[in-house]
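Engineer: This is the structure, below, for whatever I ask next.
The values are calculated or read from the model by the stated rules, or taken from the named source; none is laboratory data. In this text the structure is predicted, and so the values were computed from the model without any measurement. Note: ideal-geometry Cβ built from the backbone for every residue, glycine included; neighbour counts use all protein chains shown. Ligands, DNA and RNA are stripped out before the accessible areas are found, and what is left, the full protein with its side chains, is counted by its heavy atoms. Shrake-Rupley method; radii C 1.70, N 1.55, O 1.52, S 1.80 Å.
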Amino acid sequence: MEGAAVVKATGGRGKGKGERKKAVTKSIKAGLQFPVGRIARFLKKGRYAQRVGTGSPVFLAAVLEYLAAEVLELAGNAARDNKKNRINPRHVLLAVRNDDELGKLLQGVTIASGGVLPNINPVLLPKKSSSDNATSPSPKSPKKQKK
């Protein structure tokens, strides 16, 4: 009697406390990292439509997760190009603006502390022509000609 464990009967009302199954979220079922349940709640509370189907928050979470992964991958590459370990807003801007599809999607978006793309108009660059170097160098100002 000393070593025997006492097990309480539940009286036919389901399982005991210790046998409760762990909850499986909709995100785990869909194989996603983004929260499907939270997105479903936002869709319902936002009153975008009278009714929200069960598949729409899953699809929206998958699209958002894909976009986030794409931006993070390109921003990580931009950070590595600049020899940095951490992604900052400048790297996000460089990633988005250098990608055609993301640049079109985020065309009117301003990224705070992102700066601008490095761009110099070719007209402003000094001319590099081999024909000028071959001819005799002429003085730049006519007043200071050597006699």
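Engineer: Using a 1.4 angstrom probe, figure out how much accessible area segment 68-126 has per residue, in square angstrom, rounded to the nearest whole.
Structural biologist: Result: 78 Å² per residue.
Engineer: Further question: If you look at just the Cα atoms of segment 17-86, how large are its Rg and its Dmax in Å?
Structural biologist: 17.2, 55
Engineer: Using only Cα atoms, locate the centre of segment 86-103 and the centre of segment 58-76, then give the distance between them in Å, rounded to an integer.
Structural biologist: Taking the Cα centre of segment 58-76 as reference, the centre of segment 86-103 is 13 Å away.
Engineer: Which of the pairs LYS21/LYS45; LYS45/LYS84; LYS44/LYS104 have their Cα atoms more than 32 Å apart in this structure?
Structural biologist: LYS45/LYS84
Engineer: Can I ask one more? What nm value, rounded to one decimal, do you get for the distance between ALA49 and LYS21 when each label is placed 7 Å out toward the C-beta?
Structural biologist: For the pair ALA49/LYS21, the computed spacing is 2.9 nm.
Engineer: Just grab the label-to-label distance for LEU125 and GLU70, each label 7 Å out from Cα along the Cβ direction, in nm (one decimal).
Structural biologist: Inter-label distance under the simple model: 3.0 nm.
Engineer: How large is ³J(HN,Hα), in whole Hz, for each residue of segment 39-47 in order, when computed from phi with the Karplus curve 6.51 cos²θ - 1.76 cosθ + 1.60 and θ = phi - 60°, using x for Gly and Pro?
Structural biologist: 5, 4, 5, 5, 5, 6, 6, x, 6
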